[in-house]
Number of protein chains: 2
Amino acid sequence: MVESKILEIIRRRHSVRSYLERPIEEEKLLAILEAARLAPSASNSQPWHFYVVRDKDKIDALAGKMPLGSQLIANSFIAQAPVVVVATAGPLSFLTRIASFVVNKKWYYLDLGIALEHMALAACELGLGSCWIGWFDQEKVRRLLALPAGEEVIAFLTLGYPSDPAVPPKQRKELKAVVKYV
Amino acid sequence: MVESKILEIIRRRHSVRSYLERPIEEEKLLAILEAARLAPSASNSQPWHFYVVRDKDKIDALAGKMPLGSQLIANSFIAQAPVVVVATAGPLSFLTRIASFVVNKKWYYLDLGIALEHMALAACELGLGSCWIGWFDQEKVRRLLALPAGEEVIAFLTLGYPSDPAVPPKQRKELKAVVKYV
């Protein structure tokens, strides 16, 4: 197998659930958001919105620590992150909705997966940790951040300097279990 | 904004729809598949299977050139690609299906989005082009490749050496149109 920078970053990226109090430099945050902005999407629809949350009270609420958040299923480590990016999709075009219905596919989830992973990889290269969050109360997040109707909250990404520089070993299926030559 | 290798690769990656006949070296293909294997996924479920298609007849069929494929909505350029990776998800665990139903989310689409984009970025760094394909006839692809029941075809990725080294300018919304500080 040939080596590459991408593979090296992919190997280093892991879910970071403990952060230093150190803030994220503005120019690093911009580079991370730019990585998401440039992501490909179905028919170049770019269905995404990225809400950058840095307000301590709102982050505490997302973490389930504040009244509004206390009924979210708690991911209390979120409260440690200096930045949480809440990613939404929509409103989807009429054509996208029709096509999506016809083939029963949620392309915009693929699009958001791509864009947020661009962020996670860009963050990793810049020495920052991140963690994907997919389990939350849609309506409570929507109210907390006053999100527009027609946007669906897809996932969060926490961002911050990891408190532990160690990279844990990855638990993954073997290549032969997931790849078939046909 | 700080520069990074990831950003450079993201800027260079674009949908390549014209390929040289040159085959892909085995060790490059392995590195690309490894990039996907190491992708994160919801609860580390790794719901993916990657079918590596190199058989010319099957690729022609995927491209809509062969009898079986002629009723697919044609992406005739696919026939030029020396490799097409067909990505499926499933079978999903009972828990994943329940959770997915409760919150009406297709996490496995996010997972596949991440894994296939890892491939696309790894390919780009190694000088290869790729193109995401999301529009195909699920059942016809399933029959062509004799895919197991319980797996859903999510997307293809074509892979090959680009016939044109030029990188076209990206058409993307501006950062201020997709990022909000809340």
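Derivation of every value follows stated rules applied to the coordinates shown; laboratory data play no part. The structure presented is a predicted model; accordingly, all values stated were derived computationally and were not measured. Reconstructed Cβ throughout: ideal geometry from the backbone, glycine too, with neighbour counts over all protein chains shown.
Of the residues A:LYS105, A:LYS56, A:LYS28, the one that moves most in a GNM of chain A with alpha-carbon contacts below 10 Å is A:LYS105.
The residues neighbouring A:ALA149, those whose beta-carbon lies less than 14 Å from its own, together hold a net charge of -1 under the Lys/Arg +1, Asp/Glu -1 convention. Its Cα centre serving as origin, the range B:24-162 has a Cβ charge dipole (Lys and Arg +1, Asp and Glu -1) of approximately 400 debye. Among A:TYR51, B:TYR109, B:TYR181, a tally of other beta-carbon atoms within 10 Å of each Cβ gives an order, fewest to most, of B:TYR181, A:TYR51, B:TYR109.
In terms of surrounding Cβ atoms within a 10 Å radius of their Cβ, A:TRP107, B:TRP132 rank from fewest to most as B:TRP132, A:TRP107.
Each principal axis of the Cα cloud of the protein assembly as shown was taken in turn, and the coordinate range along them, longest first, works out to 61, 38, 38 Å.
Bridgeable lysines around B:LYS65 (alpha carbons under 16 Å apart, same-chain partners fewer than 8 residues away excluded): B:LYS56, B:LYS140.
Both radii come from the Cα set of the range A:1-63: Rg as radius of gyration, Rh as Kirkwood radius; their ratio Rg/Rh reads 1.03. Chain A holds its axis-closest Cβ, relative to the rotation onto B, at the residue and whole-Å distance A:GLY113, 1. Per-residue Karplus couplings for the range B:18-29, computed as 6.51 cos²θ - 1.76 cosθ + 1.60 with θ equal to phi - 60°, are listed in order as 8, 10, 6, 6, 3, x, 8, 4, 4, 6, 6, 4 Hz, Gly and Pro entered as x.
Of the residues A:LEU7, B:SER18, A:ALA166, the one whose Cα sits farthest toward the positive end of the charge dipole of the protein assembly as shown, with +1 on the Cβ of Lys and Arg and -1 on the Cβ of Asp and Glu, is B:SER18.
The share of C-alpha pairs in the range B:4-112 whose separation exceeds 16 Å stands at 70 percent.
Here's the list of lysines a cross-link from B:LYS28 could span, going by alpha-carbon distance under 17 Å and ignoring same-chain residues fewer than 8 apart: A:LYS5, A:LYS176, A:LYS180. For A:HIS118, A:HIS49, the sequence from fewest to most other C-beta atoms within 10 Å is A:HIS49, A:HIS118. Between B:VAL103 and B:PHE77, residue separation times 0.36 nm minus the direct Cα-Cα distance comes to 5.5 nm. Charge dipole (Cα centre; +1 on Lys/Arg Cβ, -1 on Asp/Glu Cβ; no other charges) of the protein assembly as shown amounts to roughly 540 debye. Across the range A:132-146, coupling constants 3J(HN,Hα) worked out from phi with the 6.51/-1.76/1.60 Karplus curve, θ = phi - 60°, read 6, 10, x, 10, 7, 8, 2, 6, 6, 5, 4, 5, 4, 9, 6 Hz, and Gly and Pro carry x. Specify the residue with the greatest mean-square fluctuation among B:ALA99, B:ALA61, B:ALA123, computed from a Gaussian network of chain B linking alpha-carbon atoms under 10 Å apart. Sorting by GNM fluctuation, first place goes to B:ALA99. In vacuo Debye scattering of chain B, one point per C-alpha: log10 I(q)/I(0) at q = 0.11, 0.12, 0.16 Å⁻¹? Treating every Cα as an identical point scatterer, log10 I(q)/I(0) equals -0.53, -0.63, -1.06.
So for the range B:24-162, averaging the separation of alpha carbon pairs under 8 Å that are six or more residues apart and normalising by length, what relative contact order in percent results? Normalised by residue count, the contact order of the range B:24-162 is 33 percent. With label points defined 7 Å past Cα in the direction of Cβ, position A:GLU21 shows copy-to-copy spacings of 6.7 nm, given to one decimal and shortest first.
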